[in-house]
Amino acid sequence: MSAAASMRTRAPLMQARSVTRSYGGNIGCRDVSFTLYPGEVIGIVGESGSGKSTLLACLSGRLEPDSGVISYDMRGRGFVDIQTLSEPERRMLMRTDWGMVHQNPRDGLRMAVSAGGNVGERLMAVGARHYGDIRGEAQNWLAKVEIDLERIDDKPRTFSGGMQQRLQIARNLVTTPRLVFMDEPTGGLDVSVQARLLDLLRGLVRELGIAVIVVTHDLAVVRLLADRLMVMRRGEVVEHGLTDQVLDDPHHPYTQLLVSSVLQA
Amino acid sequence: MSGARESGYNFAYLDEQTKRMIRRTLLKALAAPGYQAPFGGREMPLAYGWGTGGIQVTASVIGPEDVLKVIDQGADDTTNAVSIRRFFQLVADVETTEATEKATVIQTRHRIPEAPLEEGQIIVYQVPQPEPLRHLEPREVETRKMHAYAEYGLMQVRLYEDIARYGHIATTYDYPVMVNGRYLMAPSPIPKFDNPKMQDNPAIQLFGAGREKRIYAIPPYTSVRSLDFEDHPFRTQSWDQRCALCDADDSYLDEVITDDRGGRMFVCSDTDYCARRRANGHVGAQGAIDPVGEKTDALSGDAQ
């Protein structure tokens, strides 16, 4: 609690106010507001179709909300409404200060480029032109995500699902972003690989002080990773609070259903 | 112009409106060096991949007083070069030449002549794939954005991959360049040996891609920098042999197989340059007895 309290005294990193997005008559997400502080991990949970991914797309500037404001504390510029950024500025943000970990590593990796090239791409995109330095940094990051350095010149398609996911994380973190969006980072992985990946993620996030917005339907993921939790249903946030508080003492009937639906092994 | 009139074609084959459209595109391309300007490519009496883009550009810039030179892989006497030269003799009735410095318009595939180009000359490149990022990013929408926002990190990734796999930058032709510090450009499949010739060249350099319907250009005296890494600088090819016919050590050499017992010789790919040197008395290891311009003698002589 004291850690959370000290966070409140810092300036927020991202603020969402009444973010609403609908697809014709169908609601994507409605009236979502929250504040994210530096180094904080927010989990967004809910069933399929509850608007988690729509919300994430709006927050990361890939989708324009119908109404509402999303502001982000840009380095050297202060709070900026991300909708007012030009496209090149948003793309620049996406490959420097932000990261995006997709559920399917194929969406986030270049499958025809070696692991080292995948990690080095962001560095080269921001102007690194020294091969030795780029390769050194790539090795450094592959070691951090526990990928054998002998695999540095192998294509990601020869990697297992868990390795691909770890490579995707390394590729995103190499420019030391302050905010990373994750969409079902452990989806499609078996439980032991999931556990290792979560352990790794938790370590990296704590070590580097990265803020994360993680979307998942897996309560175990948020239990391990998230400081705070938002529960979504039919596009709206029905409950939010500290993760342990929400999971151990759910108030909303839907959250109670969600928590009680998890099988205890 | 009697030839053109007799052949029944408009001067230089294309109708005047089409030439106007292409010239407008050329001006746009020259105004933004390295930018791929789209144009309404026409069907030409030639298959795609044989220089339809180059022919359309040549047809739009050539005038009755121009002198045309056409080369293919540096040679004036290869099929593609002969066909295109004959085409313009027929439809434009222009004077043709094999001498680089006499030509005012040079259409080329795969080479830049060894003799330095001068002010007033135009060199037209035939381009199969104008998009340097194509093999890395298949989406056209995305590559256009990358050009618009000058996001060229991905091209560097390709060079990184080369070094990671081969220990050096193994790209030898169509080597990517930055034009005027702004646009990434595919120089067409010329060997990287020719890349430095594009830098600050006094001639106008025009690039036409017929299938892809794109034109781009480098105005005279423009900076053209080949991409590289600080610790793996750009390097051109070099040979430990000299030209077997003219003894040149500064030109791009082709390896020619001369028999089925492993015999081979290295000769200049630029036939005009080679013939000129031999006419000036330079003699290579196998060029002693040959009359100028008939290097086939050296080949057949060996077989006997």
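Taking the stretch B:234-254 as the range and being in contact with a Phe, Trp or Tyr (Cβ under 9 Å, 6 or more places away or on another chain) and closer than 14 Å to B:Pro191 by Cα as the test, the residues that pass are B:Phe234, B:Thr236, B:Gln237, B:Ser238, B:Trp239, B:Ser251, B:Tyr252, B:Leu253, B:Asp254. Of all residues in the stretch A:134-188, those satisfying the criterion of being within 14 Å of another protein chain (Cβ to nearest Cβ) and in contact (Cβ under 8 Å) with a residue 60 or more places away in the chain are A:Arg171, A:Thr175. When the helices (runs of 4 or more DSSP H) confined to the stretch B:1-103 are screened for residues that are in contact with an Asp or Glu (Cβ under 7 Å, 6 or more places away or on another chain) and open to solvent by less than 40 Å² (accessible area, probe 1.4 Å), those reaching at least 1 such residues are found at B:2-7, B:79-91.
Residues in the stretch A:116-137 that are more than 21 Å from the chain's Cα centre (by Cα) and open to solvent by less than 10 Å² (accessible area, probe 1.4 Å): A:Gly116, A:Gly117, A:Met124, A:Ile134.
Screening A:Asp97, A:Asp107 for residues that are open to solvent by less than 40 Å² (accessible area, probe 1.4 Å), out of contact with any strand residue (DSSP E or B) (no Cβ under 6 Å at 6 or more places or on another chain) and within 30 Å of A:Tyr23 (Cβ to Cβ) leaves exactly one candidate, A:Asp97. Restricting the stretch A:182-211 to residues that are among the polar types (S, T, N, Q) and under 18 Å from A:Gln103 (Cβ atoms) leaves a set whose member that is surrounded by the most Cβ atoms within 10 Å (Cβ to Cβ) is A:Thr186.
Determine whether the stretch B:150-169 contains at least one residue that is aromatic (Phe, Trp, Tyr), more than 13 Å from chain A (Cβ to nearest Cβ), surrounded by 20 or more Cβ atoms within 10 Å (Cβ to Cβ) and not in a loop (DSSP other than H, G, I, E, B). Looking for residues that are aromatic (Phe, Trp, Tyr), more than 13 Å from chain A (Cβ to nearest Cβ), surrounded by 20 or more Cβ atoms within 10 Å (Cβ to Cβ) and not in a loop (DSSP other than H, G, I, E, B), one finds none in the stretch B:150-169, hence no.
Residue count for the stretch B:205-220, restricted to those that are assigned to a strand (DSSP E or B) and surrounded by fewer than 20 Cβ atoms within 10 Å (Cβ to Cβ): 0.
Evaluate the stretch B:117-124: report whether one residue or more is within 14 Å of chain A (Cβ to nearest Cβ) and either assigned to a loop (DSSP other than H, G, I, E, B) or open to solvent by 10 Å² or more (accessible area, probe 1.4 Å) (or both). No - not one qualifying residue is present in the stretch B:117-124. Counting the residues of the stretch B:104-116 that are open to solvent by 10 Å² or more (accessible area, probe 1.4 Å) and of a type outside the set (D, E, K, R) gives 4. Check the stretch B:137-146 and report whether any residue there is at pLDDT 95 or above, open to solvent by less than 30 Å² (accessible area, probe 1.4 Å) and either more than 12 Å from every other protein chain (Cβ to nearest Cβ) or touching a Cys at 6+ places or on another chain (Cβ under 8 Å) (or both). Yes; the residues of the stretch B:137-146 include at least one that is at pLDDT 95 or above, open to solvent by less than 30 Å² (accessible area, probe 1.4 Å) and either more than 12 Å from every other protein chain (Cβ to nearest Cβ) or touching a Cys at 6+ places or on another chain (Cβ under 8 Å) (or both). Within the stretch B:182-204, is even one residue within 12 Å of chain A (Cβ to nearest Cβ), in a helix (DSSP H, G or I), of a type in the set (A, V, I, L, M, F, W, C) and in contact (Cβ under 8 Å) with a residue 40 or more places away in the chain? Within the stretch B:182-204, not a single residue is within 12 Å of chain A (Cβ to nearest Cβ), in a helix (DSSP H, G or I), of a type in the set (A, V, I, L, M, F, W, C) and in contact (Cβ under 8 Å) with a residue 40 or more places away in the chain. Each residue in the stretch B:170-184 was checked for being open to solvent by less than 20 Å² (accessible area, probe 1.4 Å) and either polar (S, T, N, Q) or over 21 Å from B:Ile218 (Cβ atoms) (or both), and 1 of them qualify.
One residue is enough: does the stretch B:221-241 have a residue meeting the conditions within 14 Å of another protein chain (Cβ to nearest Cβ), open to solvent by less than 30 Å² (accessible area, probe 1.4 Å) and in contact with a Pro (Cβ under 8 Å, 6 or more places away or on another chain)? Yes, the stretch B:221-241 contains at least one residue that is within 14 Å of another protein chain (Cβ to nearest Cβ), open to solvent by less than 30 Å² (accessible area, probe 1.4 Å) and in contact with a Pro (Cβ under 8 Å, 6 or more places away or on another chain).
In the stretch A:73-108, what residues are small (Gly, Ala, Ser), away from every other protein chain (no Cβ under 14 Å) and over 18 Å from B:Leu154 (Cβ atoms)? A:Gly76, A:Gly78 - these are the residues of the stretch A:73-108 that are small (Gly, Ala, Ser), away from every other protein chain (no Cβ under 14 Å) and over 18 Å from B:Leu154 (Cβ atoms).
The values are calculated or read from the model by the stated rules, or taken from the named source; none is laboratory data. Because the structure is predicted, anything quoted here is derived from the model rather than measured. Note that each Cβ is placed from the backbone with ideal geometry, even for glycine, and that neighbours are counted across all protein chains shown. Accessible surface is based on the protein model in full, side chains and every heavy atom, while ligands, DNA and RNA are left aside. Shrake-Rupley method; radii C 1.70, N 1.55, O 1.52, S 1.80 Å.
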